[in-house]
Amino acid sequence: MSIKIAVIQFPAANCDLDAIHVLNGVMGVEAQLVWHNHFKEVKYDGVVLPGGFSFGDYLRAGIIAAHSPAIDETRVMLKDGRPVIGICNGFQILTEAQFLPGALLQNESLKFVCKWINIKVENNQTAFTNKMKTGDVLDIPVAHGEGRYFTDNLKELKENNQIVFRYSSRNGEYGDNANPNGSMDNIAGVCNLDQNCIGLMPHPERASEPILSPFKTSHGKLFFESMIEFIKRRLS
Amino acid sequence: MTKLRVNGKEVGVEMTKEEFGKVKDLLKREPNITELGMFDVMWSEHCSYKSSRPKLRLFENAEENYDYVLAGPGQDAGVINIGDGYALAFRIESHNHPSAIEPYHGAATGIGGIIRDILCMGARPIALLDPLRFGLLKDNPHSQWLFKYVVKGIADYGNCTGIPTIGGEVEFDESFESNCLVNVACIGLGTIEDFKHAPSRAYNPGDYVILMGGSTGRDGIHGVTFASRTLTEMSEADRPAVQIGDPFTKKMIIEATLEAIKTGYVRGLKDLGGGGLTCATSELTGDGNTGANIDLNKVFTREPGMNSYEIMLSESQERMAFIVKPEGLETVLEVFRKYEMNHAVIGKTDDSKILKVFDGESIVVNIPSKALSESPTFIRQEKEPSYLHKLLNQNTPKLNLQLDDIFYKLIASENICSKEWIYRQYDHEVGVRSVVKCGDGDSGILRIIGTDKFIAASVGVNSKHCFLDPYHGAKGGLVEQCGNIIANGAKPMAMVNCCNFGNPEIAESFWYFSRSVEGMNDFCRKLRIAIVGGNVSFYNEDEVKKIAIKATPMIMIVGLIEGEKNIITMPFKNVGNDILIIGETKAELGGSEYYSVIYNLEGGVPPKVDEEKIHVIWDFLFKLYENDLVLANHDVDKGGFIITIAEMCFKNKWGANLDLTDYHTNGLRDDELLFSESVGRFIIEVNSKNTDKILKLAKDFHINVKKIGVVIPESKLSIKGLRIDDFTLDLEKMKKLYDSTIPDLMDI
């Protein structure tokens, strides 16, 4: 059984090659870079919507990509129960496509922010967190200008257990100091009701090798290990 | 501005009457208006280096003298072989004048231009570094505006194109108040094969000339001539000469170009930057010893009705010219279609050695393709400024403050404080190569994936030192940049420079340029560092205030680290370890931050470089590295070595007990010892059980290395061994001051 994952290349996605590097080079699974207009869901077991500035983030981050044919293909995959992750710009695309609830607004600081932060696992039942434990604190970097999570339905999100990650200190304390962008309730990542689709602002592909981490950790790998585990369970 | 009569009409050009005579000699007739515009642009200082060329000939030929140099000065970028089949391309250039008028787009298009230069060598851009200069921020809304939008311009453009900004440097000084400096550097990575595929010349007749990317508009016409004169109050009216950047299109151009090169059908490649289509077509054919027919009707324009003059001189951004083998035309065009990039076959090369441009049926340009690169050179007068003598003889004032107060003031000063406000806005992680985090090292370090090699790069120079002594200031800049990468474990390989000076027609300004070049040349020859490229930006003066900028020969050094275990970082690693200082502190307070921050003084004798000694110190450090004896290393820079030690304490909130008795033996005043910016010094952290061994080795090397302290768990620096009483610095307070200066000025 060979697992095949697509990394969608939207125009000006720029973390596409990084995702490919981690999936192929670190995780050892078969991942392909697929130009957004060429993407056909039938060939793949899972999809990564990578970070970047799809279509230059012109108009609004993620909105143009959300109208790409690749999104229609992705919808089919989601209905079918296959795993889909949106990282950073990919998260923005997934909210614009309304696969995930909420919206991502300009950072509270009004500035782009690139730094290593921490997130705490709130839900380990999703396709991308099944190798984590609830309450785990992960080392991971963010790099975005529009990452302030907002929803007008926080209550429902909580009731449905759709909050997957929240920004915290390395000791696991929530608080404004741990929140890099002013996100509502420190929300860093959410999932759909079926839990096979997640989106998050931090970059797991930048945190999957100890050499890249200031703490020599590789917590980002857990996302992809979970994804592979999820696919294996589906296929078996 | 010169007024000329051409074909019965009066026209204004930047070239002199003598240059116009040479144009007529080359063409054996009068040029038409389009041709005249092309010569005017190509013979501008910015494109032709007519003032600087005679002096730059001092530099040795890097390609001939260094076996690892694959491309040296004169190409779009320098290229070095780093082994394992990989090559690095890098270059630095200025975008000062556009940024001084329109900081956001000026800086953004500076990044755009330097990316294209790297792309032209067939390499993928993998890092940006941006050294900057502004007026002092405090109480100066204009400087704050320039600073804010230059940083935002770099961030928005670099982040969108997916190239991490891994380093930079900034100084604030009133001489840069209206003429800020925005220098941009880019590093590209490719295989040696990739590099062979993309020469920046059209050497084969019968190939297609393709224009790809953004459309040609009326923006940026005469941008380079604008860069070749001094900014004045009238310069605001030149705002249309600043181009508008489009990082989204640039990202598409990067991917489409790299994919097109991979087809194997691209025979030549040139970006359209300064001088636009004129520069690209004439250099491709001139350097390739060919000619070409170009049809302007094929060029896709942003607006109708553009005439041949406008199309040939437009500096619209995001355009590339490709020379493509006839049999590969469809394959290459298919790549451009995939990326939905505008493109057009605009002509064909031939063996005529003449550049002919047609507007439909009528020929509008007919000039020998080499003629545009045959600009005359000027031997400029140089004269040491008369004010220097008095400045150099400045005596150190009487110490009038408590030492601890001086340290708190220094750490909070704009030139020493943390630059986190800047680098947090840059994506420095994209590309998954950045292995040392900003603030943890003196240089930017990237891994070469698939190997155990790492590259390190550092850029900067001390403008205050260069103002007082450009010869030693330039050398000091080299020592400092080399020191930054050596502190992280890298061996320096090659350098590129960006010379920012005043008006070369003024003898005093040209003297600064001349002495800086001599300093760089002497140092690089002696220490065997290849100079693989450079850029010159003159006319950085403020006509209103009648001052030139402080001389700024910006230097970027690139080096290599073999093996992950050989990467050294700055923060102290453990309590109880010994702190050693390497190198001698001399009475060199000239141009120091201590003088300027505490006494508002400009003057004194700045640091001088001793090449022989520096080299031994570097050899000594590598000897220690070989034996895994160094746990942390930080090059001593602005503010002196106590500031250096404080920075090493910050990350883990530790401190140090310092005893300077053994080191304070040269008869220096206390403030000279503490605040001199003598170059070539390092602070290292070592395990105390190795200290004796290291000190003994230092004796064998005949260099000055002293143990001056130990790392302690408390966040304080206690200092004894001075003539005055012992004192203690509160490092928590220092860190707070260090972190808050720029945010307090900018985030209001």
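Since every read-out is calculated from the coordinates, none of them should be taken as a lab result. The shown structure was predicted, so the numbers you read here are calculated from the model rather than taken from an experiment. Methodologically, a virtual Cβ is constructed for each residue, glycine included, from the backbone with ideal geometry; neighbour enumeration extends over all protein chains shown.
Averaged over B:428-440, how many beta carbons belonging to a partner chain fall within 10 Å of each residue's beta carbon? Don't skip to the end; give the middle numbers.
On the way: counts 4, 12, 12, 6, 16, 4, 3, 5, 2, 6, 2, 1, 1.
Mean partner-chain Cβ count within 10 Å for B:428-440: 6.
For a footprinting-style exposure proxy, rank A:R234, B:R29 by other Cβ within 10 Å, fewest first.
On the way: A:R234 15, B:R29 11.
In increasing order of surrounding Cβ atoms, one gets B:R29, A:R234.
Give me a single rounded figure for A:133-146: the average over its residues of other chain Cβ atoms within 10 Å of their Cβ. Walk me through the intermediate numbers first.
Numbers: counts 0, 0, 0, 0, 0, 0, 0, 0, 6, 2, 8, 2, 6, 0.
That works out to 2 on average.
Under 12 Å from the Cβ of A:F99, count the other residues' Cβ atoms, weight Lys and Arg +1, Asp and Glu -1, and hand me the total. Before the final figure, lay out each step's value.
On the way: positive: A:R75, A:K79; negative: A:D72, A:E96, A:D194.
Overall, the nearby charge balance is -1.
In the range A:15-43, which residues have a backbone nitrogen under 15 Å from the label point lying 7 Å from A:L235's Cα in the Cα-to-Cβ direction?
A:24, A:27-32, A:42-43
Label the range A:4-235 by shape, choosing from rounded, prolate and oblate, from the square roots a ≥ b ≥ c of the eigenvalues of the Cα gyration tensor; if a/c is under 1.5 it is rounded, and otherwise prolate applies when a/b is larger than b/c, oblate when it is not. Mind dumping the intermediate values first?
Values: a/c = 1.32, a/b = 1.19, b/c = 1.11.
Taking the square roots of the gyration eigenvalues as a ≥ b ≥ c, the range A:4-235 is rounded.
If r is the Cβ-Cβ distance from B:D670 to A:Q106 and R0 is 45 Å, what FRET efficiency results, to the nearest 0.05? Please list the in-between numbers first.
Details: r = 50 Å, r/R0 = 1.11.
Efficiency, from the Cβ-Cβ distance: 0.35.
How tilted is helix B:247-262 with respect to the longest principal axis of chain B? Cα atoms for both, answer in degrees (0 to 90, nearest 10).
70 degrees
At a Förster distance of 56 Å, what's the computed FRET efficiency of B:D405 paired with B:L58, Cβ-Cβ distance as r, to 0.05?
E between B:D405 and B:L58, to the nearest 0.05, is 0.75.
Restricting to DSSP loop positions (anything but H, G, I, E, B) with no more than 15 other Cβ atoms inside 10 Å of their own Cβ, which chymotrypsin sites (Phe, Trp or Tyr not before Pro) remain in the range A:58-107?
Numbers: sites: A:Y58, A:F91, A:F99; in loops: A:Y58, A:F99.
Sites meeting the loop and neighbour criteria: A:Y58.
What is the mean projected area of the alpha carbon convex hull for chain B, to one decimal in square nanometres?
Working: hull surface 122.2 nm².
Average projection, Cα convex hull of chain B: 30.6 nm².
So what are the ³J(HN,Hα) numbers for the range B:465-475, from phi and the Karplus equation (6.51, -1.76, 1.60; θ = phi - 60°), rounded to whole Hz, Gly and Pro as x?
5, 5, 4, 7, 7, x, 5, 6, x, 5, 4
Would you pull out the residues with amide H under 5 Å of B:N32's amide H, same chain only if 5 or more places away, H placed 1.01 Å from N?
none
Using modelled amide H (1.01 Å from N, peptide plane; none on Pro or chain starts), what sits under 5 Å from the amide H of A:W35, excluding residues fewer than 5 places away?
Under 5 Å from the amide H of A:W35 lie the amide H atoms of A:Q9, each far enough along the sequence or on another chain.
Name the most mobile residue of A:V76, A:V22, A:V113, meaning the one with the largest mean-square fluctuation, in a Gaussian network model of chain A with Cα contacts below 10 Å.
Looking only at A:V76, A:V22, A:V113, the largest GNM fluctuation is found for A:V76.
I'd like the trypsin sites (Lys or Arg not before Pro) in the range B:107-147 restricted to DSSP loop residues with at most 10 other Cβ atoms within 10 Å, sorted by number.
On the way: sites: B:R116, B:R133, B:K138; in loops: B:K138.
Hits after loop and neighbour filter: nothing returned.
With a sphere of radius 14 Å drawn around the Cβ of A:L78, what net charge do the other residues whose Cβ falls strictly inside it have (Lys, Arg +1; Asp, Glu -1)?
Local net charge: -2.
For the residue pair B:E361 and B:K28, what label-to-label distance in nm results when each label sits 7 Å from Cα along the Cα-to-beta-carbon direction?
Label-label distance for B:E361 and B:K28, simple model: 2.7 nm.
Within 10 Å, count the other beta carbons around each residue, average over each peptide in B:395-406, B:567-578, and list them highest first. It would help to have the intermediate numbers written out before the result.
Details: B:395-406: 13.0, B:567-578: 19.1.
Ranking, from highest mean packing down: B:567-578, B:395-406.
Test of understanding: what is the full-extension gain from B:K9 to B:L695, defined as 0.36 nm times their sequence separation minus their Cα-Cα distance? Present the calculation step by step, with values, prior to reporting the outcome.
Details: separation 686, 0.36 × 686 = 246.96 nm, distance 7.75 nm.
Gain in length upon complete extension: 239.2 nm.
Per residue of the range B:135-148, in order, report the coupling 6.51 cos²θ - 1.76 cosθ + 1.60 (Karplus, θ = phi - 60°) as ³J(HN,Hα) in whole Hz, putting x for Gly and Pro.
x, 4, 7, 4, 6, 9, x, 5, 5, 4, 5, 4, 4, 4
Run the numbers for B:E626 and B:E334: contour at 0.36 nm per residue of separation, minus the present Cα-Cα distance, in nm. Write down the numbers at each step before the final one.
Values: separation 292, 0.36 × 292 = 105.12 nm, distance 5.15 nm.
My answer for the length gained is 100.0 nm.
Hey, fewest Cβ within 10 Å first, where do B:F172, B:F501 land in order?
On the way: B:F172 21, B:F501 29.
The most exposed by this proxy come first: B:F172, B:F501.
Can you pull the mean other chain C-beta count within 10 Å for peptide A:6-19?
4
Out of residues 5 or more away from B:I126 or on other chains, whose amide H comes under 5 Å of its own, with H placed 1.01 Å from N in the peptide plane?
Result for B:I126 returns B:I187, B:G188, B:L189.
For the range A:145-233, which trypsin sites (Lys or Arg not before Pro) pass both filters: DSSP loop (anything but H, G, I, E, B) and at most 11 other C-beta atoms within 10 Å?
Working: sites: A:R148, A:K155, A:K158, A:R166, A:R170, A:R206, A:K216, A:K221, A:K232, A:R233; in loops: A:R170, A:K216.
Sites meeting the loop and neighbour criteria: A:K216.
If you find the alpha carbon centre of the range B:417-434 and of the range B:310-362, how far apart are they in angstrom?
Between the Cα centres of the range B:417-434 and the range B:310-362 lies a distance of 37 Å.
Which distance in nm do the two modelled labels at A:N130 and B:T451 give, with both placed 7 Å along the Cα-to-Cβ direction?
4.1 nm
Taking the dipole about the Cα centre of the range B:391-460, with the C-beta of Lys and Arg at +1 and of Asp and Glu at -1, give me whichever of B:G460, B:V436, B:I406 is farthest to the positive side.
Toward the positive end, the furthest listed residue is B:G460.
Compute the FRET efficiency between A:R60 and B:H702 as 1/(1 + (r/R0)^6), taking r as their Cβ-Cβ distance and R0 = 51 Å, and round to the nearest 0.05.
About 0.20, to the nearest 0.05.
Report, in cubic angstrom per residue, the convex hull volume of the C-alpha atoms of the range A:42-171. All intermediate terms of the calculation are to be shown ahead of the outcome.
Working: hull volume 16.2 nm³, N = 130.
Here the figure is 125 Å³ per residue.
Short version: ³J(HN,Hα) in whole Hz for each residue of the range A:102-119, in order, from phi by Karplus 6.51 cos²θ - 1.76 cosθ + 1.60 (θ = phi - 60°), x for Gly and Pro, what are they?
x, 8, 10, 9, 4, 3, 4, 6, 6, 10, 5, 9, 10, 6, 7, 9, 10, 10
If you build the Cα gyration tensor of the protein assembly as shown and take the root of 5 times each eigenvalue, what three semi-axes come out, in whole angstrom, biggest first? Show your work: numbers first, answer last.
Details: eigenvalues 360, 343, 117 Å².
Working through the eigenvalues yields semi-axes of 42, 41, 24 Å.
Can you tell me the length gained on complete extension of the stretch A:L193 to A:L154, counting 0.36 nm per residue apart and subtracting the Cα distance?
12.6 nm
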